[in-house]
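Note sheet for the following structure.
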Amino acid sequence: MTLEHVALWTDHLEELKNYYIKYFGAKSNDQYTNSSTKFTSYFLNFKSGARLEIMTKPGIPENKNDTIHQQHRGIIHLAFGAASIKEVDEKAKQLQNDGYLILSGPRKTGDGYYEFETLDPDNNRLEVTVKYDV
């Protein structure tokens, strides 16, 4: 069994699509629209085979989760794997230089990862991480 995809609601469909293409190398399918329900989506495909569906539709309520403190149940973050510590550092610097908040790191964790945490344009929490030899 594999995880087929993760889906996110957004009010900024094009901005979010372009963010994941620019910073994480996503490839997008053509936009899907259901004109009767006003549902619109993209599937973003990543090199690893993982897919992210981003969707929009009028009337979806605001997310009440605290994206900074993460004190709730449910999905907390999406993690992107890097090839090296250098790649983690470069991605953190690129995002920070482009005005995105770096919440923590880059740093070594006690369980053998080197990572940083950030937020995408919709304040979804992301990690960029690589395993290192402890």
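The values are calculated or read from the model by the stated rules, or taken from the named source; none is laboratory data. The structure displayed is predicted, hence computed values, not measured ones. Glycine also receives a Cβ, built like all others from the backbone with ideal geometry; neighbour counts cover every protein chain displayed.
Name every residue in segment 15-67 that is assigned to a strand (DSSP E or B) and closer than 22 Å to E87 by Cα, in order of residue number.
Those that are assigned to a strand (DSSP E or B) and closer than 22 Å to E87 by Cα: K27, L44, N45, R51, L52.
Residues are listed down the side, and each one gets a yes or a no for (1) touching a residue at least 60 places away in the same chain (Cβ under 8 Å); (2) aliphatic (A, V, I, L, M); (3) closer than 24 Å to G74 by Cα:
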residue: L95; (1), (2), (3): yes, yes, no
residue: G105; (1), (2), (3): no, no, yes
residue: Y113; (1), (2), (3): no, no, yes
residue: N124; (1), (2), (3): yes, no, yes
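Tell me the residue from A7, A26, A50 that is out of contact with any helix residue (DSSP H, G or I) (no Cβ under 8 Å at 6 or more places or on another chain), closer than 17 Å to D122 by Cβ and of a type outside the set (V, I, T), please.
A7
Can you tell me which residues in segment 113-134 are more than 30 Å from W9 (Cβ to Cβ) and modelled with pLDDT of 95 or more?
Residues satisfying the conditions are Y114, K131.
Give the residues of segment 3-53 that are touching a residue at least 12 places away in the same chain (Cβ under 8 Å) and among the hydroxyl-bearing types (S, T, Y), sorted by residue number.
Once the filter is applied, which keeps residues that are touching a residue at least 12 places away in the same chain (Cβ under 8 Å) and among the hydroxyl-bearing types (S, T, Y), segment 3-53 yields T10, Y19, Y20, Y23, S28, T37, T40, S41, Y42, S48.
Tell me which residues, restricted to segment 87-101, are surrounded by 14 or more Cβ atoms within 10 Å (Cβ to Cβ) and either closer than 24 Å to L3 by Cα or hydrophobic (A, V, I, L, M, F, W, C) (or both).
Across segment 87-101, the qualifying residues are V88, A92, L95.
Which residue, of S41, S104, S84, is hydroxyl-bearing (S, T, Y), over 28 Å from T2 (Cβ atoms) and modelled with pLDDT of 95 or more?
One residue alone meets the criteria, S104.
Report yes if some residue within segment 52-72 is within 30 Å of Y132 (Cα to Cα), surrounded by 15 or more Cβ atoms within 10 Å (Cβ to Cβ) and either basic (K, R) or modelled with pLDDT under 95 (or both); otherwise report no.
Taking every residue of segment 52-72 in turn, at least one turns out to be within 30 Å of Y132 (Cα to Cα), surrounded by 15 or more Cβ atoms within 10 Å (Cβ to Cβ) and either basic (K, R) or modelled with pLDDT under 95 (or both).
Tell me yes or no: at least one residue of segment 33-40 is over 16 Å from the mean Cα position of the chain (by Cα), closer than 26 Å to K131 by Cα and among the β-branched types (V, I, T).
Looking through segment 33-40, none of the residues is over 16 Å from the mean Cα position of the chain (by Cα), closer than 26 Å to K131 by Cα and among the β-branched types (V, I, T).
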